[in-house]
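Visitor: Below: one structure in structure tokens.
The values are calculated or read from the model by the stated rules, or taken from the named source; none is laboratory data. A quick note: this is a predicted structure, and the numbers were derived from the prediction, not measured. Cβ placement follows ideal geometry from the backbone for every residue including glycine, while neighbour counts extend to all protein chains displayed. Calculation scope for accessible area: heavy atoms of the full protein, side chains included, ligands and nucleic acids excluded. Shrake-Rupley method; radii C 1.70, N 1.55, O 1.52, S 1.80 Å.
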Amino acid sequence: MTHAAIRGMVDSLGDTGHSVFLTPRMVREDNERMRGRFPGIGAEVQMRNKQVVIVAPLDGSPAQKAGLRAGDIVFRVDGKDVAGETLEEVVRKIRGPAGTSVVLSVRDPQSDHTRSLTMVRAVIHVQNVSWGLLPGTLIADVRIAAFSKNAADGLRKALSAAQDAGARALVLDLRDDPGGLLDQAVAAAGEFLPGGNALLEK
């Protein structure tokens, strides 16, 4: 009842996508994800307007390989309607031991088209940063998939490797990056600033 009351108060803020109540179990699972290794399908989810929405499938994850897209609304898990359930309840149904399968029924909010996707859960190893030269150019495409643990260190290594490869320009790819640890985001921003503070808090 206490959790439900707190959840209701936070939801009443209307601050969709920024303010959310996490139960102790959700905090443990989120910390596990931030360490960059966890079992599941590899997708960031969020409750928006009382619907479970895919924020981003992680690079190379079962979710991405199955075609799950940012913005997809999850309305069934293994054939069972999840309307009215909390985010924690839905996430618990989606997650599970590596090697087991789960079927998500999702709806595209733009077209209202629905589809069912079968995914085999795996131990997800989050690769925070990857890079490569765009074909035929000296422009490096540096992708940050999430600001999880060691993301800033991965960015420094990617920038150094790109420079060694002769890159003359840079595209910083943050598409579908769900966010992560504040200190990693600040450290990453600091890589592009000549000096001073990357963040000021009052």
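Visitor: With unit charges on the beta carbons (Lys and Arg positive, Asp and Glu negative) and the dipole taken about the Cα centre of the range 64-202, which residue among Val82, Gln184, Pro109 sits farthest to the positive side?
Guide: Of the candidates, Val82 comes out farthest on the positive side.
Visitor: What do you reckon, how do Lys202, Lys50, Lys157 stack up by accessible area (1.4 Å probe), largest on top?
Guide: Values: Lys202 250, Lys50 185, Lys157 130 Å².
Most to least solvent-accessible, the answer reads Lys202, Lys50, Lys157.
Visitor: For an R0 of 45 angstrom, estimate the FRET efficiency from the Cβ-Cβ distance between Ala83 and Leu138 and round to the nearest 0.05. Display every interim value, and only then the final one.
Guide: On the way: r = 51 Å, r/R0 = 1.13.
The pair Ala83/Leu138 has a calculated efficiency of 0.30.
Visitor: Would you compute, from DSSP H runs of 4+ residues alone, the mean residue ellipticity of the chain at 222 nm, taking -39500 (n - 2.57) per run and dividing by the full residue count, rounded to the nearest 500? Write down the numbers at each step before the final one.
Guide: Working: 6 runs with 57 residues, N = 202.
That calculation yields -8000 deg cm²/dmol at 222 nm.
Visitor: For helix 24-34, what angle does its Cα long axis make with the longest principal axis of the chain, in degrees from 0 to 90 and rounded to 10?
Guide: Helix 24-34 sits at roughly 30 degrees to that axis.
Visitor: In straight Cα distance, which lysines are under 29 Å from Lys80, not counting same-chain residues fewer than 8 positions off?
Guide: Lys80 reaches Lys50, Lys65, Lys93.
Visitor: If I build a Gaussian network model for the chain, linking alpha-carbon pairs within less than 10 angstrom, which residue out of Arg121, Arg95, Arg28 has the largest mean-square fluctuation?
Guide: Arg28
Visitor: Another question about this same structure. Which of Ile139, Ile73, Ile54 moves the most in a Gaussian network model of the chain with Cα springs under 10 Å?
Guide: With Cα springs under 10 Å in the chain, the top fluctuation among Ile139, Ile73, Ile54 is at Ile139.
Visitor: Calculate what fraction, in whole %, of the accessible area of the range 128-202 sits on carbon and sulfur atoms when a 1.4 Å probe is rolled over the protein chains.
Guide: Details: 2460 of 4610 Å².
Roughly 53 percent of what the probe reaches on the range 128-202 is carbon or sulfur.
Visitor: Placing unit charges on C-beta atoms (Lys and Arg positive, Asp and Glu negative, everything else neutral), compute the dipole magnitude of the chain about its Cα centre in debye, rounded to 20. Numbers along the way, then the final one.
Guide: Numbers: 25 positive and 24 negative charges, 89 e Å.
Dipole of the chain, to the nearest 20 debye: 420 debye.
Visitor: How far apart, in nm, are two points set 7 Å out from the Cα along the Cα-to-Cβ line at Arg168 and at His18?
Guide: 4.1
Visitor: Also, quick follow-up: For the chain, modelled as a GNM with alpha-carbon contacts under 10 angstrom, which of Asn150, Asn128, Asn49 fluctuates the most?
Guide: Asn49
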